[in-house]
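Here's the structure, in structure tokens; my notes come after.
The values are calculated or read from the model by the stated rules, or taken from the named source; none is laboratory data. Since this is a predicted model, take the numbers as computed values, not measurements. Here the Cβ is made from the backbone with ideal geometry for all residues, glycine too, and neighbour counts use every protein chain on show. Each accessible area value is taken on the protein alone, full model and side chains, heavy atoms only, with ligands, DNA and RNA left out. Shrake-Rupley method; radii C 1.70, N 1.55, O 1.52, S 1.80 Å.
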Amino acid sequence: MGICLGKPRIDGDDSEENVKFSGGNVHLITSKESWDQKLVEASGDGKIVIANFSATWCGPCKMIAPFYRELSEKYPSVMFLLIDVEELTELSTSWEVKATPTFFLIRDGRQVDKHVGANKTQLEKRITAIVDSTTQCQN
């Protein structure tokens, strides 16, 4: 499944690592205020949100990051967010993130699905299912 449960000891500053994790149509969330703003924006636009709770030190997170960027370009009608669990610990705790990566699929500010781990196939299946169900509701 590929998950990380704890932080290994790392020397040095890894803040530039987030650059590798974001990109494409992925929005890096750096504060609770920007999180709230993006959720309000998505609700107003009728968009699904995929929130990737990740960590720069997590091997599976690094592995799935390029795929997450690809998904953000493949599904432009979805808002893709990236949250560093080390930088936003309170937000991560409030969403009960126990392992990284954890992906929350959110509609109208509420969780509708969750995926833990770096299984690319399963993540895309969940995204496709929620996008398809949203599209059917709008037709």
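Starting from residues that are open to solvent by 10 Å² or more (accessible area, probe 1.4 Å) and in contact with a helix residue (DSSP H, G or I) (Cβ under 9 Å, 6 or more places away or on another chain), keep the ones in segment 32-55 and report whichever is farthest from ALA118 (Cα to Cα). Across segment 32-55, the extreme among qualifying residues is GLY46.
Annotation note: Cβ proximity below 6 Å between a residue of segment 25-47 that is farther than 19 Å from LEU71 by Cα and a residue that is of a type in the set (D, E, K, R) and surrounded by fewer than 15 Cβ atoms within 10 Å (Cβ to Cβ) (sequence gap 6+ or interchain) occurs for SER43/ASP108. Quick one: count up the residues across segment 35-57 that are under 14 Å from the mean Cα position of the chain (by Cα), closer than 17 Å to PHE104 by Cβ and not aliphatic (A, V, I, L, M). Matching residues across segment 35-57 total 5. Taking first residues from segment 83-98 that are open to solvent by 80 Å² or more (accessible area, probe 1.4 Å) and partners that are part of a helix (DSSP H, G or I) and at pLDDT 95 or above, the Cβ contacts under 8 Å between residues at least 6 apart in sequence or on separate chains come to GLU90/LYS32.
In the set SER72, SER77, which member is over 15 Å from ASN52 (Cβ atoms) and either in contact (Cβ under 8 Å) with a residue 60 or more places away in the chain or not hydrophobic (A, V, I, L, M, F, W, C) (or both)?
Exactly one residue qualifies, and that residue is SER77.
Kindly evaluate PRO76 against the criterion of being surrounded by fewer than 23 Cβ atoms within 10 Å (Cβ to Cβ), closer than 17 Å to ARG126 by Cα and over 13 Å from the mean Cα position of the chain (by Cα).
Yes.
Within segment 105-124, being at negative phi, open to solvent by 40 Å² or more (accessible area, probe 1.4 Å) and in a loop (DSSP other than H, G, I, E, B) holds for one residue alone: ASN119. Close contacts from segment 101-121, counting a first residue that is over 23 Å from MET63 (Cβ atoms) and a second that is acidic (Asp, Glu) and modelled with pLDDT of 95 or more, with Cβ to Cβ under 9 Å and a gap of 6+ residues or different chains, come to ILE106/ASP113. Would it be correct to say that GLY59 is touching a residue at least 12 places away in the same chain (Cβ under 8 Å) and either surrounded by fewer than 16 Cβ atoms within 10 Å (Cβ to Cβ) or β-branched (Val, Ile, Thr) (or both)? Spelling it out, GLY59 is indeed touching a residue at least 12 places away in the same chain (Cβ under 8 Å) and either surrounded by fewer than 16 Cβ atoms within 10 Å (Cβ to Cβ) or β-branched (Val, Ile, Thr) (or both). Number of residues in segment 37-61 that are of a type in the set (A, V, I, L, M, F, W, C) and in contact with a Pro (Cβ under 9 Å, 6 or more places away or on another chain): the value is 5.
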